[in-house]
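Some notes on the structure that comes next.
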Amino acid sequence: MTLFQVRQSLLLLVTAIIWGCTFVAQSLGMDHVGPFTFTASRMCLGTLFLLPIILWKRAGLKKHNLAEYRRRTSSDYLKTLVIGGVLCGLCLFGGEALQQFGLVNDTEVGKSGFITALYIVLVPMMGIFLGKKTTPLVWAAVAVAIAGLWFLCLPPTGFSISVGDTYTFLCALVFSIHIFVISAFVTKVDGVELAAAQFASGSLWAVAAMFLFETPTVSGWIAAFPAILWAGVMSNGIAYTLQIVGQRGMNETVASLILSLESVVAVLAGWLLLDEILSARELTGAALMATAVILAQLPMPNRKEKA
């Protein structure tokens, strides 16, 4: 495992930690505002958070790297950035809104984390149709991760399907597509600029949906503001940006496995911050998830070495 891979993996791990803590914020925020209002607010905040950073970085390029500054202000670069931002923003808006609808329709936070993390299966399956190769070791890691998620997120009584669960599964499907769209554009444009473009695009979709389907109130927005602030700055502004930067040069399936650790973090956060009981079943699930991530990053033995 190279130093570059270690760095990228750590960026994705930090992303998963922030996402895991955001499940609680999403659930609390939904007590006061609708799904589209929450999604629109967090995306607008994410855009505003990144704009000063982008302006500062571009000012530095203009002084110290004029060639790169000219590349980033060229029509070809801006066209690619806009296309990537629109596609990523549409996926992000769809995924976040569907996840919110799942929580509104009585899907528990733990079950929501389990179903959302099913992208660890959907990503390699989609990769087959896109000509992406997945090694047997990574497939084994996916299987171990699914077992870990089952122990971690679901009660011993089993699994039942509700309307909210259907929304959450569609969310996992959209987030799987999102991972591939990011991979397609992250090597062509700056990661932070792509993140800001996707938030700006997603904000437009979300604001339009908010006024079409909901009636937001100032009092409801103020009551939900602490949850919106966390989701907007930490989850959107920081975590989704780290996802884009961390995915550069990473296998999509391995990246999805690391990101799925958000489910482990969600359970641990409940234990540390909310005094929730951490059962032996959940500890087993967390251990399996950690094992899966390590397994996915082990090098495949060379056939010659086997012989």
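The values are calculated or read from the model by the stated rules, or taken from the named source; none is laboratory data. Remember, predicted model here, so these are calculated numbers, not experimental data. Neighbour counts run over all protein chains shown; Cβ positions are idealised from the backbone, glycine included. When the accessible area is computed, the model is the full protein with side chains, heavy atoms only, and any ligands, DNA or RNA have been set aside. Shrake-Rupley method; radii C 1.70, N 1.55, O 1.52, S 1.80 Å.
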If I model a spin label as a point 7 Å beyond the Cα along the Cα-Cβ vector, how far apart are those points for residue 284 and residue 14 in nm?
3.5
So, counting K/R as plus one and D/E as minus one, what does the shell of residues with Cβ under 15 Å around residue 188 add up to?
0
Return the FRET efficiency for the residue pair residue 223, residue 130: r is the Cβ-Cβ distance, R0 is 45 Å, and the value is rounded to the nearest 0.05.
0.55
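How much accessible area per residue does region 1-77 have, in Å², with a 1.4 Å probe? Kindly include the intermediate steps, with their values, before the conclusion.
Working: 4140 Å² over 77 residues.
Heavy-atom SASA per residue in region 1-77 reads 54 Å².
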Probe radius 1.4 Å, ligands and nucleic acids ignored: give me the carbon and sulfur share of the accessible area of the chain as a rounded percent.
71
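Mean residue ellipticity at 222 nm from the helices of the chain, using -39,500 (n - 2.57) per DSSP H segment of n ≥ 4 over the full residue count, to the nearest 500 deg cm²/dmol? Provide the component values of the computation, followed by the final result.
Working: 15 runs with 237 residues, N = 307.
Result for the chain: -25500 deg cm²/dmol, rounded to the nearest 500.
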I'd like to know how region 3-50 sits against the 2.2 N^0.38 Å rule of thumb: what's its Cα Rg over that expected value?
1.48
Alpha-carbon Debye profile of region 1-120, log10 I(q)/I(0) at 0.14, 0.16, 0.18, 0.20 Å⁻¹:
-0.84, -1.00, -1.13, -1.22
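Mind jotting down a quarter of the surface of the convex hull over the alpha carbons of the chain, in square nanometres, one decimal? Can you show the working numbers first?
On the way: hull surface 72.8 nm².
Spelled out: convex hull of the Cα atoms, projected over all directions, averaged, 18.2 nm².
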